[in-house]
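Student: Handing you a structure now.
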Amino acid sequence: QTVGFSQIGSESGWRAAETTLTRQQAEERGIDLRFSDAQQRQENQIAAIRSFVAQGVDAILLAPVVATGWDSVLEEAQEAEIPVVLLDRQVDSSEDLYLTAVGSDLVHEGEVAGQWLADTVGDQECRIVELQGTTGSSPAIDRATGFRNAIEGMDNLEIVRSQTGDFTRTGGKEVMESFLQAESGNEICALYAHNDDMALGAIQAITEAGMDPGEDILIVSIDAVPDIFQAMANGDANATVELTPNMAGPAFDALEAYWSDGTEPEKFIQTESTLYTQDDDPMAEYEARKDLGY
Amino acid sequence: MTINPRLYPLLATIGIFIAAYIVCWIQFPYMLSTRVAGNLLTDNAYLGIVAVGMTLVILSGGIDLSVGSVIAFSGVFIAVLLRETGLHPLVVFVLLLGVTTAFGAAMGGVIHVLGMPAFIVTLAGMFLARGASYMLTIDSVPIQHPFYELLKDAYWLMPGKGRLTLIGIVMLLSVAVGAVVAHRTRFGASVFALGGGERTARLMGVRVGATTVGIYAFSGFMAGVSGIVFSIYTGSGYPLATVGTELTAIAAVVIGGTLLTGGAGYVLGTLFGVLTMGLIQTYIVFDGSLSSWWTKIVIGILLLLFILLQRGLVRATAVRA
Amino acid sequence: MLLSIRNLSKSFPGTLALDDVDFELRAGEVHALLGENGAGKSTLIKCLTGAYRRDSGEIRLEGNPISPASTSEAQELGIGTVYQEVNLLPNLTVAQNLTFGREPRRFGLVDGRAQRKMAQEMLSGYNLDIDVGRDLGAYSVAIQQIVAIARAVALSGKVLILDEPTASLDAAEVRMLFDVVRDLRDQGLGIVFVSHFLDQVFEICDRLTVLRNGRKITTEVVADLDRLTLIEHMLGRELEEATEHEAAQKDPHSRSRPELLRFEGIGRDGVVEPFDMTVHKGEVIGLAGLLGSGRTESAELMFGVRASQGGRTRDADGPVAHGNPREAIQSGFGFAPEDRKTDGIVADLSVRENIILALQAHRGWTRPIPRSEQNRLADEYIAKLDIRTSDAEKAIGDLSGGNQQKVVLARWLAMNPRFLILDEPTRGIDVGAHAEILRLIHEMTGQGMAVLVISSEFDELIAVADRVIVLRDRRHTGELSGSDVTSDAIVREIARDDADPRTQRGAA
Amino acid sequence: MKRSFRRVLPQLLTLAALMALVTLFFPQFLSIDYAGGRLSGPVIDVLKRGAPVALLAVGMTLVIATRGIDLSVGTIMAISGAVAAWALSSGWGAGPAVILAVGAGLVCGLWNGCLVAIVGIQPIVATLILMTSGRGIAQLITEGRILTFDAGPFAWLGSGILLGLPVPVFIWVLTAVGVAALMRRTALGLLVESIGINRSASALAGVNATVLLIAVYMASGLCAALAGIIATADIRGADANNAGLWLELDAILAVVIGGTSLLGGRFSVAASVLGAMIIQTIDTGILLAGFPSEYNLVIKAGLVLMILLIQSPNLVGHWHFLRHSLRRDPDASPRGAKS
Ligand SMILES: Nc1ncnc2c1ncn2[C@@H]1O[C@H](COP(=O)(O)OP(=O)(O)OP(=O)(O)O)[C@@H](O)[C@H]1O
Ligand SMILES: Nc1ncnc2c1ncn2[C@@H]1O[C@H](COP(=O)(O)OP(=O)(O)OP(=O)(O)O)[C@@H](O)[C@H]1O
Ligand SMILES: [Mg+2]
Ligand SMILES: [Mg+2]
């Protein structure tokens, strides 16, 4: 079987891992994977899908860069009777345009992170700073929403500053430095970062400012990349919410079932948003992940 | 009948495009289907349109870095307006084209009046347009309007199931309009004159200010049209869309044989530049074995190869002539 | 009165270029505008046509005050102009250049065929056989100059202004141009003519106005004036008559002097046929020929601007390398090119920096010329060549055309090369400086430097050259030396072939 | 000395005005603390955070002086960072890592220079090629992940402290001073300017334009490599995907704010570096002032436009003209009667 995979790009280690795992899964199952990297651009993804359709592949995996704007190209795939499986992000098109979606609930991730923080601080006063993802990207929007959902109604928790760190370490570090200047450090009680990379940058900023990350400032972030486990093992980070890069496994399972007897899978195969804290043997988690291509 | 030497780059571009297509076809026979050909037009429609505007700008010796952001702004503008108001899309289109044209004209005005380099003014314009779309919304906004469904589904099914879409036709029309404006009007002559040297152009009687404003207004207008086409193509508005499209458009224009220093080139060449870029994309997708990083490297190598071939061909013909 | 200018003033930072100038032009006259380099002629013209914004003063055309804010307005008013530096667009075709702004249109669109036809008609009086569909840049400076004239003539409903139109034209072209000018004068146009060739002024002009240092000195009827008085008006002093255009002591035996360089078989397909040339110490060689005969190309081959196919060059010590300009300079060559705007001046650099540029490049970047030395060199040549500039730090692009030319010359003189090639060295240079430059050439050859002069002015060649090599159709065809160097002899040599060489001009 | 001061005066004034503006929104902007052997405060942050753009601007100034442009500097940062991280993680010391990274930058510059000077491709396009494909090369080295390494002395280059100040500050200041001295104490500056203004005339005067052009692009590559080393050392990892992303635009902006014309010619390294500091002050100021992030771009665009407007030479001319024509009687105004 031939499967086309339209990946967003390679903007982060997490995504590189997703690509690696998808290739691995395809190889294990003897699937011929056609890979296309869209370099963060929806127009490239659309063009790639249309090329896949023109080539007549047997299925298409799509990790959509943005939620909107897929209707016509999905219709085109449907006309050509090619099933489409969405990976890790949702689209807002009608459900019958794709076979299924594999992914986690981005809002839920934010909620898990927020819930952890709320539980951890109890009813202490806590001034939170937030490192947002790239302005306008759906993880940034949803993870912000989820977090706010979780802490809603708790008067002791307050987000005092919120800036974009563009999902990068440099961004995380630079913005955290300015947070520390602006809020004079010791008044910040917790940091919520939309991804681990920004949290890792921020940890350095906090260390360099002479404070102790994980102690003076609680740090919770999302993704569960290997490096954050190392930081947790060192006591520099407190919690992370896993977003598994193995989206392709469930996707291929669903596809194989569909190919063999036309089984329609559920419309949303949710991967778990597991919370990891310092108590979860971070070093073991690190070892388990470090070769997955993050 | 001797061929005018100024035609060499254009002919080289077309020749290399055809040769490249044949190479692709030999490797993937399916490349010659109307489907792929139709896709090539549709998928690159927004790029082609904006590149036509860019061609005029570059012909005048300028550059317009704002177009990518303007396309994104257009999408957001349309989507938000359709969501928030009951205006008909056509009315929104007119409003939008007014805004983008005025935006372009304003940049042209700043370039002329303040004597600042286009690169910087349009760079600020790029920030501004992108920032403005953020301020409209940071979300991606779907466009749901029956008229849009109509536009999206407007295509002619070619034999072989290929689709000649409305937006593909709009691009071809834009190229035609651009060609006429650049090569068959007094305004176009002034554009070329500016590209040959502003001082000289002034002494020859070019109204430098009006022309500059006109050029960037035209580019802004084309970016607006491209934004409309893009919003039809994706059916949504997204403030992060088309990041870096200005550079792709510049590359397409240059591949099309237009001199970046201005004063020489053809709008038709730009069409082939765009198609070449699209062909490279398609080829990589058809191949499907390149990793993310090799994709980037191979695009660069093919671009370089193309430019070298073009230069070589032009030089060889020039020497023989 | 067709055109009258009153109390016109214009200043640039550091320079008062025009100081209360009056000027009057009648219908049906050719009026010369004369003055030294930097006197303000070009500035006056540019103020008149709206290229510069004047500080004060009044301009009336047929009694109505006009104030063109741009050159296009001036064109609409019927003032056609050829500016000093050819100001056409090399990237447009000849036809587009000629018809620019007045393109024939059909259904609102430019009609290419009618455009070419119109262009051909505009050129018809100039005996020019070129393809108007080609880019202007493909043609030589001289052809561009003629195209510029044709364009200006077509635009001049009332006034035609020619700022040094003849600087790169040869005798035949000048004659042709004058026929056109007389014709226009008889039609009642007023014509302003700027030139440093006084013979031409006396030949064609009815009246003349002299400017000096931005002031109007006098307006006279040409017939009432003799040459010496005119020069006195221009310079504000007397010129030692002896130096002006008089044949220097020619050395008929210059060839028996010690040999300096021997070029053998230098040439390139389609450029210049391979030629030999022996250069002797202290001699001045002239290159004569019609436009496009390959003089500039010969010089470029010798200086390594274009690579020669085969051939070799030797001096007393063995082979001499000149494969590119840097090698040529290392070998002691110098080259002041013909087109000073594109190949000579570095516009935004100061006069000082332009003068020391070649010397500095020769010394290498690690050994900067000390500032005091730079100043000394700059001051020395500013004084020696009488370069009119407010100071050595002024950008060369702001100097008048003739003064730019002097700076380029100074650059090479400062190098003290052993073999100096000067392509049209006195183009656009006034009488006083002209004499000064010829004198300088003699002084240098006296010290053993050999000079190759390319000039369209036979008189100049006669004045300066020990022997003259004649080119025709990209071939070195003949040579004259000693007392044979006369205007007649050169013309005869050029025309020796029965075929009319003029028909072969145009793009290669 | 006085001359060069006058040259950078507009930039200094702009910077001062900007700092005043930021202080208005964030009163502690100018406060500097001394604790634990190091100075800290927003201004120190600006000096440190501005290091990459300042370094890029130094190289970019030279390239722009030759009438070129180098879009690939951000990518070169990523490449050299990846090379350094690769060297470190495969067990080489900090010294070899720095040397390899700088070497990578020089090779990139050589590549650009050859395309521009020898093949004759226009600078924007030539460097665009490396800009797109170079990031792929960097990712090839890091395999798309953030390549981390054991910190050690290398990290000192990014976040170390020397004499109370962050080390990157010393790196960019020394580079800028070194390059400026090299340009002005030798004849290089003059030669670079002359090929930027008129390459053909310079070549005829014996200036070795080809070699100079290549050298200039290599210098730009070198500066980008230094910037890449700082960025990598700062986060103790090479982020091939994001390092230096779009920084080339900031660098060009810095050069233009520094008053060097994109058309080549006269340049001032000092002014460009001040331009970089102006940009960083804007960026840091936006962060400190605490606006929502969707306003960042609009604020930046507005400020940049304003700065360019104030510095525009034409505007000065227009002012003069306005004042003149207001003072004189209306008839003399150039747009008089057009009968
Ligand atoms: N743009 C400018 N900026 C500053 N000074 C200028 C500018 N243009 C001309 N000048 C100065 O004005 C004076 C008059 O120059 P102009 O070009 O009118 O001389 P000209 O009479 O045409 O001389 P030539 O015979 O050499 O062409 C000169 O001193 C020149 O340096
Ligand atoms: N290969 C070529 N292709 C196009 N044009 C050419 C070519 N070779 C020469 N020309 C043009 O023809 C002209 C030849 O004249 P050239 O300048 O050598 O003659 P010249 O005797 O020096 O006359 P002038 O007084 O104009 O300098 C060149 O200036 C150039 O513009
Ligand atoms: Mg003049
Ligand atoms: Mg010549």
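Student: For the pair C and D, how large is the buried accessible area, both sides, in square angstrom to the nearest 100, if the probe is 1.4 Å?
Tutor: 2600 Å²
Student: Given a 1.4 Å probe and every protein chain left where it sits, what share in percent of the accessible area of region C:115-154 is carbon and sulfur?
Tutor: 42 percent
Student: OK, next. For chain B, max minus min Cα coordinate along each principal axis, in Å, sorted largest first?
Tutor: That gives 63, 56, 37 Å along the principal axes, largest extent first.
Student: Restricting the calculation to Cα positions, tell me the Rg (one decimal) and the Dmax (whole number) of region C:24-120 in Å.
Tutor: 16.4, 50
Student: Sum up the charges of everything whose Cβ sits under 14 Å from the Cβ of D:ARG184, counting Lys and Arg as +1 and Asp and Glu as -1, but leave D:ARG184 out.
Tutor: +3
Student: Another question about this same structure. Summarise the accessible area of region D:8-290 (1.4 Å probe, protein heavy atoms) by the percent that is carbon and sulfur.
Tutor: Carbon plus sulfur share of accessible area: 72 percent.
Student: In addition: A:HIS194 accessible area, nearest 10 Å², 1.4 Å probe?
Tutor: 0 Å²
Student: Run lengths n ≥ 4 of DSSP H only: what is the helix-derived mean residue ellipticity at 222 nm for chain C, with -39500 (n - 2.57) per run over all residues, to the nearest 500?
Tutor: Value at 222 nm, helices only, nearest 500: -10000 deg cm²/dmol.
Student: Check the straight Cα-Cα distances from D:LYS300 and name the aspartates and glutamates below 15 Å, setting aside those fewer than 8 residues away within the same chain.
Tutor: Output for D:LYS300: D:ASP250, D:ASP283.
Student: Based on DSSP H runs of at least 4 residues, each adding -39500 (n - 2.57), what is the mean residue ellipticity at 222 nm of chain D after dividing by all its residues, to the nearest 500 deg cm²/dmol?
Tutor: -23000 deg cm²/dmol
Student: May I ask you to rank C:GLU436, A:GLU27 by accessible area, largest first, using a 1.4 Å probe over the protein chains only?
Tutor: Sorted by accessible area, descending: A:GLU27, C:GLU436.
Student: Another question about this same structure. Between D and B, buried accessible area summed over both sides at probe 1.4 Å, in Å² to the nearest 100?
Tutor: What D and B bury together is about 3600 Å².
Student: Normalised by the empirical 2.2 N^0.38 Å for globular proteins, what value does the Cα Rg of chain C take?
Tutor: This ratio for chain C stands at 0.98.
Student: Quick one: buried accessible area between D and A, total over both chains, 1.4 angstrom probe, nearest 100 Å²?
Tutor: Protein heavy atoms only, the D-A interface buries about 2400 Å².
Student: Taking the Cα atoms of region C:351-415 alone, what are Rg (to one decimal) and Dmax (as a whole number) in Å?
Tutor: 11.0, 33
Student: Still on this structure, I have one more. Note down, for chain A, the three equivalent ellipsoid semi-axes (square root of 5 times each alpha carbon gyration tensor eigenvalue), biggest first, whole angstrom.
Tutor: 37, 18, 17
Student: Just counting partner chain Cβ atoms within 10 Å, what average do the residues of peptide B:195-202 show around their Cβ?
Tutor: That average works out to 5.
Student: How far apart, in nanometres, would the label points at C:GLU393 and C:SER483 be if each is projected 7 angstrom from Cα along the Cα-to-Cβ direction?
Tutor: Taking the simple label geometry, C:GLU393 and C:SER483 are separated by 5.7 nm.
Student: Something else now. Normalise the Debye intensity by I(0) for region A:166-294, one equal point scatterer per Cα, no solvent, then take log10 at q = 0.09, 0.10, 0.14 Å⁻¹ and round to two decimals.
Tutor: -0.33, -0.40, -0.65
Student: Moving on to the next point. Return one whole number: the accessible area per residue of the protein assembly as shown in Å², for a 1.4 Å probe.
Tutor: 36 Å²
Student: Okay, next question. Run the helix sum for chain A: -39,500 (n - 2.57) per DSSP H stretch of 4+ residues, divided by residue count, reported at 222 nm to the nearest 500 deg cm²/dmol.
Tutor: Helix-only estimate at 222 nm: -13500 deg cm²/dmol.
Student: To the nearest 10 degrees, how steeply does helix D:2-25 sit against the main Cα axis of chain D, on a 0 to 90 scale?
Tutor: Relative to chain D, helix D:2-25 is tipped by roughly 80 degrees.
Student: Run the numbers on region B:271-298: which residues show a drop of 50 Å² or more in accessible area, chain on its own versus all protein chains together, using a 1.4 Å probe over heavy atoms?
Tutor: The answer is B:VAL285, B:PHE286, B:GLY288, B:SER292, B:TRP293, B:LYS296, B:ILE297 - residues whose exposure falls by at least 50 Å² when every protein chain is included.
Student: If the reach is capped at under 18 angstrom between alpha carbons, list the lysines near C:LYS158, excluding any in the same chain fewer than eight residues apart.
Tutor: C:LYS158 reaches C:LYS46, D:LYS338.
Student: In degrees between 0 and 90, to the nearest 10, how far off the longest principal axis of chain C does helix C:401-415 point, with axes built from Cα atoms?
Tutor: So the inclination is approximately 10 degrees.
Student: Hey, what angle do you get for helix C:141-155 against the long axis of chain C, alpha-carbon based, 0 to 90 degrees rounded to 10?
Tutor: For helix C:141-155, the angle is close to 0 degrees.
Student: Let me see the pair-distance distribution of region C:255-370: every alpha carbon pair, 10 Å bin width, integer percents in order.
Tutor: 12, 38, 34, 15, 1
Student: Give me the Kirkwood hydrodynamic radius of region C:56-175, using the inverse of the mean 1/r over all pairs of distinct Cα atoms, in Å to one decimal.
Tutor: Mean inverse Cα-Cα distance, inverted, gives 15.2 Å.
Student: Using only Cα atoms, figure out Rg for the protein assembly as shown and give it as a multiple of 2.2 N^0.38 Å.
Tutor: The protein assembly as shown yields a ratio of 1.01.
Student: Roughly how many nanometres apart are two label points built 7 Å out from the Cα toward the Cβ at D:VAL173 and D:TYR295?
Tutor: Rounded to a tenth, the inter-label distance reads 3.4 nm.
Student: Simple spin-label model, 7 Å along Cα-to-Cβ: C:ARG227 to C:LEU109 in nm?
Tutor: 5.9 nm
Student: Also, I was wondering about something else. Give me the percent of Cα-Cα pairs in region A:15-128 that sit more than 17 Å apart, rounded to a whole number.
Tutor: It works out to 62 percent of all Cα pairs.
Student: For D:ALA227, what charge total do you get from the other residues with a beta carbon under 14 Å from its beta carbon, if Lys and Arg give +1 and Asp and Glu give -1?
Tutor: -3
Student: With the cut-off at 21 Å, tell me which of the pairs C:LYS10/C:LYS41; A:LYS267/A:LYS290; B:LYS152/B:LYS296 have Cα atoms farther apart than that.
Tutor: Pairs exceeding the cut-off: A:LYS267/A:LYS290; B:LYS152/B:LYS296.
Student: Another one. Taking C:LYS384 as the anchor, which lysines have their alpha carbon closer than 22 Å to its alpha carbon, excluding any fewer than eight residues away along the same chain?
Tutor: Candidates past the 8-residue exclusion: C:LYS394, C:LYS406.
Student: Step by step: find N for region D:172-264, compute 2.2 N^0.38 Å, then divide the Cα radius of gyration by it. What's the final number?
Tutor: In units of the globular-protein estimate, region D:172-264 measures up at 1.27.
Student: What part of the accessible area of region B:5-320, given as a whole %, is carbon or sulfur when the probe is 1.4 angstrom?
Tutor: 73 percent
Student: In Å, what Kirkwood hydrodynamic radius results for chain D from the alpha-carbon pair distances?
Tutor: Taking every pair of different Cα atoms in chain D, averaging 1/r and inverting gives 21.1 Å.
The values are calculated or read from the model by the stated rules, or taken from the named source; none is laboratory data. Treat the numbers as computed from the prediction; the structure is a model and nothing was measured. Quick reminder, even Gly has a Cβ in these numbers, built from the backbone with ideal geometry, and neighbours come from all protein chains shown. Please note that ligands, DNA and RNA were not included when accessible areas were found on the heavy atoms of the full protein model with its side chains. Shrake-Rupley method; radii C 1.70, N 1.55, O 1.52, S 1.80 Å.
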